[in-house]
Amino acid sequence: MHVLITGGAGFIGSHLAERHLAQGDQVYVVDNLSTGSLNNLDAFRGHPGFRFAEADILEWDALDQAVAWADRIYHMAAVVGVKKVLEDPVAVMATNMSGTERILRAIQSGGWNPQVIIASTSEVYGFNEKDSFAETDHIVLPSAGRLRWAYAVTKLADEFLAFSYARKYKLNIVVVRLFNTIGPNQVGHYGMVVPSFVRQAVQNDPLTVYGEGRQTRSFCDVRDTVVALDMLAACPAAWGEVVNVGNDQEISIRDLAELIVQRTHSTSPLHFISYKDAYGEEFDDVTHRRPVLNKLRALTGFMPEWGLRDTLDDLIERERVKNRRAA
Ligand SMILES: NC(=O)c1ccc[n+]([C@@H]2O[C@H](COP(=O)([O-])OP(=O)(O)OC[C@H]3O[C@@H](n4cnc5c(N)ncnc54)[C@H](O)[C@@H]3O)[C@@H](O)[C@H]2O)c1
């Protein structure tokens with residue numbers, strides 16, 4: 001199979017590339033390396049089935065040929081992470097909406113019907129105060145133009161772009177609402193909590209918890225996420241649908257911090273800071289982000305293999321190895 005991955009030098013995209021190369025597929029990655037890194041591709045850059053283009057999806061001149069070559073497209077390129085969104089909302093709007101539209105137009109005009117995964121996010125559920133979220137739940141977004149929600153709005157626009165193209169041109173597109181994903185290659189610079197906590201705990205530094213740490217999240221290991229995406233792309237009943245992808249085990253951020261300290265045998269204290277200090281402005285955080293996974297399970301039978309503790313132990317060990325190498 002020929003697999004095109006936009007944003008394939010990023011966290012999730014690099015795991016998709018690895019999985020498909022291991023399956024014997026040909027993999028073509030395009031990435032502008034804005035948050036992604038060539039280090040994430042090191043393990044397979046010399047692989048005969050692998051090709052990489054450093055380019056912006058808004059301008060990449062080989063996009064039409066690459067789309068026509070592909071049997072499967074994972075559209076993962078996006079400006080991601082709350083910090084980035086607050087720093088540069090214009091880039092978020094452009095990349096996340098125009099980039100997606102450009103890909104969909106290329107697919108439609110290519111006259112060939114590849115399987116397509118469009119990455120959306122649990123952030124689209126917005127400020128809905130339910131404690132778990134099914135695909136049919138209402139989207140609740142504050143109306144006062146708070147830029148913190150720009151990312152959710154662009155991803156929602158992507159969903160509607162995808163549904164419009166799928167409906168009008170009968171394209172084989174699945175929109176996936178990804179919930180918090182963790183694992184190797186994820187970095188903490190852009191506000192991702194687990195890599196930040198692991199780095200702080202391994203170095204015996206204080207773990208920085210925003211607010212009181214009572215907000216809960218459900219973390220899915222990326223090595224499970226890519227299995228679910230692969231299953232969904234190949235599932236005709238999922239084409240034209242939106243599907244939650246994640247793990248439904250839930251933990252508060254405070255308990256997560258304590259668990260990481262415990263598993264690292266670290267002496268790190270927890271350091272609580274306000275959202276205002278963290279983001280430089282008032283910030284609407286959501287209290288729960290737990291997926292209802294009935295639709296994913298009914299379509300694919302998917303069950304995650306990685307538990308939170310296994311993922312954390314793996315990440316802690318990788319961080320220790322990295323620190324030993326750097327010393
Ligand atoms: N990681 C999560 O928990 C999570 C949760 C929900 C949704 N998602 C979605 O999954 C996708 C992948 O996220 P990730 O966590 O791997 O983030 P990431 O930042 O590691 O990956 C995004 C990749 O896109 C690339 N990119 C950004 N703008 C680009 C452009 N204009 N042209 C080409 N490449 C560009 C970046 O360099 C990066 O490699 C994103 O669409 C994101 O919105 C991720």
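No value in this document is a laboratory result; all are computed from the given coordinates. Here the structure is a predicted model, which means the values were calculated and not measured. Quick reminder, even Gly has a Cβ in these numbers, built from the backbone with ideal geometry, and neighbours come from all protein chains shown.
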Worksheet entry | Value of Rg/Rh across segment 169-291 [Cα atoms, Kirkwood radius] | 1.06
Discussion item. Need one number: nm distance between label points at N323 and H189, each 7 Å from Cα along Cα→Cβ, rounded to one decimal.
Written reply: 2.1
Practice prompt. Return, ordered by residue number, the residues of segment 260-276 whose backbone nitrogen is under 17 Å from a label point located 7 Å along Cα→Cβ of A144.
Written response: 275-276
Worksheet item: So for segment 91-142, taking the charge dipole from beta-carbon charges (+1 Lys/Arg, -1 Asp/Glu), which of N128, G111, T100 sits furthest toward the positive end?
Response: G111
Practice prompt. Could you let me know the centre-to-centre spacing of segment 68-85 and segment 14-31, using Cα atoms, in angstrom?
Written response: 14
Discussion item. Quick query: amide H of T121 versus all other amide H atoms, modeled in the peptide plane; which residues come in under 5 Å with a sequence gap of 5 or more or a different chain?
Written reply: L178
Worksheet item: What ranking do E135, E18, E305, E317 get, fewest neighbouring Cβ atoms within 10 angstrom at the top?
Response: E305, E317, E135, E18
Discussion item. Can you sort R297, R199 from fewest to most other Cβ atoms within 10 Å of each residue's own Cβ?
Written reply: R297, R199
Fill in: Inter-part distance where segment 250-327 and segment 180-222 are each reduced to a Cα centre, Å
5
Worksheet item: For segment 47-61, what does the Karplus curve 6.51 cos²θ - 1.76 cosθ + 1.60, with θ = phi - 60°, yield as ³J(HN,Hα) per residue in whole Hz, taken in order and with x for Gly and Pro?
Response: 5, x, x, 10, 9, 10, 10, 8, 7, 8, 5, 6, 10, 4, 7
Worksheet, complete the sentence: Residue separation between L33 and E87 times 0.36 nm, minus their alpha-carbon distance, gives in nm 17.7 nm
Item to complete: Using just the helices of the chain, give the 222 nm mean residue ellipticity in deg cm²/dmol: DSSP H runs with n ≥ 4 each add -39,500 (n - 2.57), and the total is spread over all residues, rounded to 500.
Response: -11500 deg cm²/dmol
Worksheet item: Using the beta-carbon distance between A68 and K168 and R0 = 25 Å, what value does 1/(1 + (r/R0)^6) give for FRET efficiency, to the nearest 0.05?
Response: 0.80
Worksheet item: Amide H neighbours of E250 under 5 Å, counting only residues 5+ apart in sequence or on other chains, H built in-plane at 1.01 Å?
Response: none
Practice prompt. Would you please give the residues with an amide H less than 5 Å from that of C220, counting only those at least 5 places away or on a separate chain, with H modeled from the backbone geometry?
Written response: T181, I182, N247
Worksheet item: Going by how many other beta carbons lie within 10 Å of each one, how would you line up F50, F197, F219, fewest first?
Response: F50, F219, F197
Fill in: Tensor-based shape of segment 253-325 (alpha-carbon gyration tensor, a/c under 1.5 rounded, otherwise prolate or oblate)
oblate
